1. Pull up the DSSP beta bridges for the range 62-193 and report the antiparallel fraction as a percent, rounded to 5.
2. Where a ≥ b ≥ c are the square roots of the eigenvalues of the C-alpha gyration tensor, would you call the range 160-249 rounded, which needs a/c under 1.5, or, failing that, prolate if a/b is larger than b/c, or oblate?
3. Counting only other residues whose beta carbon sits under 15 Å from that of Ile154, what net charge do I get with K and R as +1, D and E as -1?
4. With an 8 Å Cα cut-off and a minimum separation of 6 or more residues, compute the relative contact order for the chain in percent.
5. Calculate, in whole percent, how much of the Cα-Cα pair population of the chain lies beyond 23 Å.
6. First select every other residue whose beta carbon is under 15 angstrom from the beta carbon of Arg24; then total the charges, Lys and Arg +1, Asp and Glu -1.
7. Just the number, please: carbon plus sulfur as a percent of the accessible area of the chain, 1.4 Å probe, no ligands or DNA/RNA counted.
8. What is the sum of charges around Ser53, taking Lys and Arg as +1, Asp and Glu as -1, for the other residues whose C-beta is under 14 Å from the C-beta of Ser53?
Amino acid sequence: MITVYGEALVDLVPAGTLPLAPLRPALGGGPFNVARALGRMGSTVSFQSRLSSDSFGRELRASLIDAHVALPHCPTGPEPTTLAVASIGDDGSASYQFYTEGTADRQAEPVPVSEGFAVFGSLSLALEPAASRYVAAARSSAEAGAVVCLDPNIRPATATEKHRAFLRGMLECVTVLKLSEDEVGFLGNTSNVPVVVTTSSNGIRVRAPFGERSVAQHEVNVADTIGAGDTVMAALVHQFDRRGLGRDALLDLDGTEWREILDFATLAASITVSRAGADTPYARELYPPEEIPVGAPEPPPAAS
């Protein structure tokens with residue numbers, strides 16, 4: 001079982017290149033993207049957060065259910081959904097302005113797990129009171145035997161010394177850390193934990209007990225990069241779970257095994273960036289028919 005903790009929000013994405021182009025709502029939030037991607041890949045996954053009863057919250061919940069994501073600890077509240085207004089650069093990269101005051105996910109009350117994988121990250125770790133609750137759940141989960149994975153997903157608004165210290169205090173319970181290239185310097189020394197690093201142009205690399213390994217990105221026409229890093233995180237944990245890896249076995253992975261895992265992650269990310277928004281791939285797009293996980297959701301019919 002994989003449990004993903006954190007926010008689900010709505011990205012407001014420009015529908016064109018003009019400064020005042022209409023904004024198109026898209027379901028998002030790093031943890032939401034990771035959970036939905038895992039469900040689409042065929043993993044057994046649950047999502048812990050707090051969703052709004054507004055129309056955005058209802059759509060977020062429906063999308064998770066469609067991806068076969070379980071929601072046993074994801075209550076509904078009257079608070080509004082967090083919003084992220086996106087700006088898309090010429091290269092497809094996205095930057096965000098967040099609207100988080102009084103929103104539902106900030107009131108989440110996460111429950112720790114005692115097995116499997118517990119995945120944390122993104123904006124949820126920067127917004128109290130939920131942030132401290134998530135860290136407590138991560139520590140309790142690790143102490144009980146779960147494999148804790150972290151993707152801090154630093155944004156300019158959260159790149160503070162206070163947040164850096166907060167995240168570094170969390171590293172003691174983390175088994176695998178996923179960072180973007182820009183986040184490596186911010187977080188500082190992470191030599192005590194395996195680190196997977198995504199780059200904007202050179203694929204993915206890992207530094208783990210065996211040494212270092214890297215794989216190149218797939219060449220695709222990029223629509224935008226929204227959700228690319230989240231897809232990588234989902235693909236990593238999906239592969240860890242599919243291979244039946246516990247904490248010790250994960251730390252014992254060799255370079256060949258890591259290359260296979262990273263190859264899968266780059267394939268998954270290439271599909272996401274080829275489509276607008278965080279439209280993550282389905283198992284049928286990643287596996288030959290005979291290897292598709294049992295019960296994996298089907299992609300929607302292609303538009304005619």
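The values are calculated or read from the model by the stated rules, or taken from the named source; none is laboratory data. As the structure is a computational prediction, the values presented were derived from the model and not from experiment. Here the Cβ is made from the backbone with ideal geometry for all residues, glycine too, and neighbour counts use every protein chain on show. With ligands, DNA and RNA removed, areas are computed over all heavy atoms of the protein, side chains included. Shrake-Rupley method; radii C 1.70, N 1.55, O 1.52, S 1.80 Å.
1. Values: 6 of 13 bridges.
For the range 62-193, the DSSP antiparallel bridge percentage is about 45.
2. On the way: a/c = 1.73, a/b = 1.17, b/c = 1.48.
Oblate shape, in that a/c is at least 1.5 and b/c is the bigger or equal ratio.
3. Working: positive: Arg155, Lys162, Arg164, Arg168, Lys178; negative: Glu7, Asp151, Glu161, Glu181, Asp182, Glu183, Asp230.
Cβ neighbours under 15 Å give a net charge of -2.
4. Working: 679 pairs, mean separation 56.7, N = 304.
For the chain, the relative contact order is 19 percent.
5. Working: 23952 of 46056 pairs.
Percent of Cα pairs beyond 23 Å in the chain: 52.
6. Details: positive: Arg275; negative: Asp11, Glu59, Asp224, Asp279.
The answer is -3.
7. Details: 6730 of 13240 Å².
Accessible surface attributable to carbon and sulfur in the chain totals 51 percent.
8. Numbers: positive: Arg50, Arg58, Arg61; negative: Asp54, Glu59, Glu79, Asp105.
Around Ser53, the surrounding residues sum to -1.
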